[in-house]
Every structure is written in structure tokens, then in C-alpha cells.
1. How much accessible surface area, in Å² rounded to 10, belongs to the heavy atoms of Arg382 with a 1.4 Å probe?
2. For Glu411 and Gln465 in one chain, what is 0.36 nm times their gap in residues minus the Cα-Cα distance, to one decimal in nm?
3. Report the Stokes-Einstein translational diffusion coefficient (µm² s⁻¹, integer) for the range 393-457, Rh taken as the Kirkwood radius over Cα pairs, at 25 °C with viscosity 0.890 mPa s.
4. Between Asn480 and Ala206, what is the label-point separation in nm under the 7 Å Cα-to-beta-carbon projection?
5. What fraction, in whole percent, of alpha-carbon pairs in the range 288-335 exceed 16 Å separation?
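The values are calculated or read from the model by the stated rules, or taken from the named source; none is laboratory data. As the structure is a prediction and not an experimental result, all values here were calculated from the model. With ideal geometry, Cβ positions are generated from the backbone for all residues, glycine too; neighbour counts draw on all protein chains shown. The protein model used for the area step is the full one, side chains on, heavy atoms only, and it has no ligands, DNA or RNA in it. Shrake-Rupley method; radii C 1.70, N 1.55, O 1.52, S 1.80 Å.
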Amino acid sequence: QGTLLFISHRLIELTVKIHDAAAGAELPPVHAASTPIAADDNTSALGSTAQNNHEYTPNFSSLEISLPILFASSPGLLPSLPSKHHVPRDVISSKSFEKYYSSWDLENDPLPLFMYNPSIVPLHSTSSNSTMIINHHGLEHSKYLATFRLSSVHSCGFPTVEFWNKPVNYLGLAILDERLQVATLPPGTIATGVSPSLDMIVDINALLRHIFTGKGTKKYFVFEDVRLFIIHNQLYMSIRMFLFPICITIDHHGIESSQAPPSPAMCKGNASSSMTELPAIYRSNDHMHLFVAGNALSLNCNTTDCKNFQFFEVKNEHGDTSKSNTLKEHWASMPRLIIDHGQDIYKQFVEDSQYYKDPETSRKLLPMRGKEIMSFGLPLPRSNSSQLIDNAIGKYFIPRDRGSACCIQIEKKYYNDLFPSDPPESIMVGITHKKTALRMPSSLGRKSFIYLSNLYAFSSHHPYQYIARSGLFCFGFTNNQTDSTSYSVANAYSELTKVQRVEFHGVSYDCPRIHFVSGITEKVGDETRVIVAYGVNDCVSRFVEILKRDLMIHLFSNAS
């Protein structure tokens, strides 16, 4: 209690004394909480919920979030990525980056590629009692579809500024198993010597630009981070202001036809004849294929700020979304702007002639319209300590929250006792991010932006207003000792990037300088858990599992 009062007192002093980022005032002694990964009670199946001996008690005096992490995975690099795009281990161990890359030819030599900012959707129902949506023989352990940004632009901890001059950005695609690692085809169903990994890498910048705008270029048609959404049982890929329906096939003699309704990620019918394939530049084998499954949609946005949009649907009391409208979180706050695109996002374009039509594929790029729903008001964190921390460092950040990952619909049973009165039947929960307005000083001698996150909840009914919001926090670094990992060169990246920490006025915190949450989903087979996907320092990817109940305590607890 004395420590907390000291922290609060120092934070109050700070809000009075700090006038600008360069003032040089000392930041408060905000400590990074220890967030050990709890041992899962069923590590072989990873299907049952770990029962806490006592309920989670938040530590709001920390920038590193104190939520208990029940399981974590760092998938490393995709097996399909050739080693020519890796940073050699001896270069990392000797830290001879400058020498190794001094004679690098940006035009002809392969650039090192880093895998981060993952998005994730389930291939199965997330309900504990439901049958699997995808029921292929040999693919029972395939639980999720994930995308990753593979880029030469990174912040791993060594200077390669020249790689920013002509950046490369590819899309990585992988089927993940229950341990959130790249899944494999079953033994005996693939040729000897061929990798069984279910992953591929696609140059979407070249392919999508050609399919939807012709051979020329189009302003803002540059793709970096990709997010996956399931809308009315169709898988979509959202990139900047564009929304693309996609699906995948997994073809070989050992995979039987599904006996259950197909996963939204899986192509229906004869995909090769009715859809447009996005061929891989790298693949582990020839059995996984990605297709554009229909016409693309262009959101009503014409600035470089057109990104980070979040799509969601609201389940009814029976857990069904078939009658739900498609909703897009355009801006998370200040003001909050939701766009209602109706039940059928394509219906309005049957007679619409204002679109681009590719002469080769007949694919169309259609304008996406909807009704604006605006609301105001941004709730303060319920914890006094969180409010004080936000007041102390919040002035360095762009005021407006930006979308990161949305949304999980959480039922009343997880928060019934946390509301003062009349708790709603369900709420929507997501994560936003904040970015510093300016590049901040670093002890490494290079200024760079800092990213932090907020957890938030909003109503599942029109006008979808904010209900609660946490203080600023970060998710932590990958951990090669406790995370499920692939033991690739990316493990060395994980250690290397730990020098890139959040710093304010020379004080370093146990937080990645950039952590970017880019996906959230319920855990397959355990509806009490949520999986959060995020990138660490534009360098590596991480997935963490957290209890819904703990999320609710963190949002609604008023503990100091």
C-alpha cells in the first residue's frame, strides 16, 4: 500500500511538472509487472480451462499488463520462407550486421524478411459442445487460419535503414494447430522429402493490384498488414480500405471430403474454375492454395489514414449471426464511428455501374456503402492508478484510439458480479492501440515511435457505445523458455529485439517499443478463453491465451 501511495504521489507531481516531451522531467517509478505463464492443466490436449486457485487481482501500477497468460506461442518463421531471407545465426551472435550488410545489393540480393502482426480466425466452432466445422480426415489438429506480414521493414534491434528505401511486404498464410504452431499434413499423405507444413507466402501487392486495378498502379493500393474476418460465414481479408473475400483449398489424396458444414476458410465447390487463385512465391508443398472468392469492396476512405478498420457481427441469444448486420468500427473514439453495412454487403451493387471490372478475370472492385452511427464520450479507466499513468504519459500519444483487434462477444456470466446494477446480456470486447505523435528518444541512439494498447468494451446494441476502457498497457516480449516455439532463427530474433524497449526520459520498461495487437478470437474447444495475436517490434509474432473472466476483471475492477 505504501508503494502504491508513493507511485500515486509521484504521478500526481509529474502531471504538474511535465510540460513537453523534451522537458527532461523524471518519469514515475511505474514498474513492469511480472506476468508468468501459468502451467496448463492439460498440455497434451490444451482443451480444458486452467482453474485458478484464486481470482485474478490486477496490478494497475504497471505498463506491462498483469493479466495471467495461460499459454503462449511464438511461431517463429514460416517453414516455406527460404533461408536466403534469414539473417544468418553467426551474424546475429557476433552482431556483425554492419559488416555483413555493407556490400548488400538492394536490387539483386534477397532481403531479410521478418514475420509479425499476425491475424487469426478459427477453423472450428469455438464452443466446447459443438462439432467441428472442418472435419477432414487427417486435419483434426488444424484449428486456426493465420496471416502474417513478412517484411524487410523491421525494428529487431540492428540498423538496416536501407531496407526501408525499397520495402518488401508479402503475405504469409498458415494453418495452425492447437499449440498455435504451423500444422502439418498427416504422415503417409505426402511425398518423401517434401515438407508437410501447411503454409505459403504470397506477393499480394503484385497480384491484387493487377486483379483489381489492371496493370497500372492505384494510389493507396499498397498492402502491409492484413486482418482476417468471418462475415456471414464467408472469410474476408481486410487490407487498408479494401475487403477481399478469400478461401483456401488443401488438396491431396489423404484428405477426405468434410461430413460437416465447411469452414468459412475453405473453398466451396470447384474453386479452380470459379475463383481467382493467388499463386504462392514460396510454399512448403503444392497442396495448399489461396483464392479470391468474389468481388472486392472498397471502403469510403481516400486518405493515407485509411487502415485498421474492424468488422464484426453481433450474435443473438442463440449464438447466431445469420440475421446480424455487418458492422465496421471505422474510428474507435473521438468520436466513435460505426458503419452499418446491412445484412448483405453486396446486394446494393447489383445495379451499380460505378466500379472497376478487370477484363481478364471479370473481378470487380465495388464501393462499400453504409449508414454512419456516431457516439461520443470516452470512459476513464476505473483504476485511479491507471488514470494517473495515462495522464502522465498520455500527452505524448496521438489522442485518438485506433483499431487493433475487434471483437469478442462476452456473455453476462463472465461479468455479472462486476457491474453495479443491471448488467447487459452481452458486451463486445476488443483492443485499440495508441502511437506516440513524435519519434521518441532511445538509449540506442535512434528515435522511434512507441505503441501501447487499451482494452475496451462496448454495447452489443445500437449505437454500440463505449462501456469501459482500461489504462495504457503493453503485452510482453516473446519468451524462448516458456513459449511454444518452432526453434528457428526467429528465436535469435526474439532475443535480439529485447533491446528495443519502451523508454521515457531514459527510464526503460519491460515492454516492446512496438507491440501491435492485430487479432483476437475465442479458443477452439474452450469458450472460456481468448487468444490475442500481436507483433513484437515489427520483428516476431506471438499468441497468448487469456481467460475471459480475467479480461472482465481487468476492465471493470476499480482496484488501485
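1. Taking all protein chains as shown, Arg382 has close to 90 Å².
2. Using 0.36 nm per residue and subtracting the Cα-Cα distance, I get 17.7 nm.
3. Working: Rh = 14.2 Å.
The calculation lands on 173 µm²/s.
4. About 3.3 nm separates the two model spin labels.
5. Numbers: 701 of 1128 pairs.
Result: 62 percent of Cα pairs exceed 16 Å.
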